[in-house]
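See structure below.
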Amino acid sequence: MRLFLKISIFLCLAFWLLIEDANAGEKVSVRAFTSGMQGTSFTIPPGALDGSELLVGYQNTLPGAFRPEAVAAGAVAVSKTLVLRVASSELPEFFEPITISMPYDRAVAGELPPIVLRWDALARRYRAVSVIGIDREEGVVTFRTSNIANFTAVIVPLVPKK
């Protein structure tokens, strides 16, 4: 089974890269020309897409506002928004969870560990995903998800309760 992964830059002219040599279960990295998310990688198990093409992009803005409680707690996005879509289908989820590693801004995060939120477009709110690793030296957070959505790394400073 061949996995076709299309990588696009959503903020620029329609530019597509089709990686034809990526087999399911292999790690696929976003190439350097997509500087907004350089260093992003995906591990997609066999059958996760069922032959569909995955569109990958990024945007500089959040897909939605943080809830007032998060703003009050000092929540700050520390990455661009990773955008995943599936070409030619309305597939809402992968058939098997995939693993994604994406860069975050170490200068903004400081010593705080980032969490990753996905935007739930139907509920119009963020939901946490399972972070499985943080490489603070490289500024990369790794998570697993079954959702085809927008993802953002966020920090929430510890705020003392009053």
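The values are calculated or read from the model by the stated rules, or taken from the named source; none is laboratory data. A quick note: this is a predicted structure, and the numbers were derived from the prediction, not measured. Note that we place each Cβ from the backbone using ideal geometry, even for glycine, and neighbour counts take in every protein chain shown. Ligands, DNA and RNA are excluded from the accessible area calculation, which covers all protein heavy atoms including side chains. Shrake-Rupley method; radii C 1.70, N 1.55, O 1.52, S 1.80 Å.
Miscellaneous remarks
- Region 80-108 residues that are at pLDDT 90 or above, paired with ones that are open to solvent by 70 Å² or more (accessible area, probe 1.4 Å) and among the β-branched types (Val, Ile, Thr) (beta carbon under 9 Å, 6 or more apart): LYS80/THR61; THR81/THR61; THR99/ILE132
- Looking across region 116-159, the residues that are open to solvent by 50 Å² or more (accessible area, probe 1.4 Å), among the small types (Gly, Ala, Ser) and part of a strand (DSSP E or B) come down to ALA128, SER130.
- ALA128 vs. criteria of a type in the set (Gly, Ala, Ser), within 14 Å of PHE66 (Cα to Cα) and touching a Pro at 6+ places or on another chain (Cβ under 8 Å): no
- Applying the criterion of being out of contact with any Ser or Thr (no Cβ under 9 Å at 6 or more places or on another chain) and among the charged types (D, E, K, R) to the residues of region 94-112, the residue that is farthest from GLY57 (Cα to Cα) is GLU111.
- Filter result for VAL56 (over 22 Å from ARG125 (Cα atoms), modelled with pLDDT of 60 or more and surrounded by 14 or more Cβ atoms within 10 Å (Cβ to Cβ)): no
- Complete set of residues in region 100-109 that are out of contact with any strand residue (DSSP E or B) (no Cβ under 8 Å at 6 or more places or on another chain) and assigned to a loop (DSSP other than H, G, I, E, B): ASP105
- Residue in region 90-99 that is among the charged types (D, E, K, R), touching a helix residue (DSSP H, G or I) at 6+ places or on another chain (Cβ under 6 Å) and either open to solvent by less than 20 Å² (accessible area, probe 1.4 Å) or part of a loop (DSSP other than H, G, I, E, B) (or both) present: no
- Candidates in region 46-64 are the residues that are part of a loop (DSSP other than H, G, I, E, B) and either under 23 Å from PRO103 (Cβ atoms) or of a type in the set (D, E, K, R) (or both); of these, the one that is farthest from the chain's Cα centre (by Cα) is ASP50.
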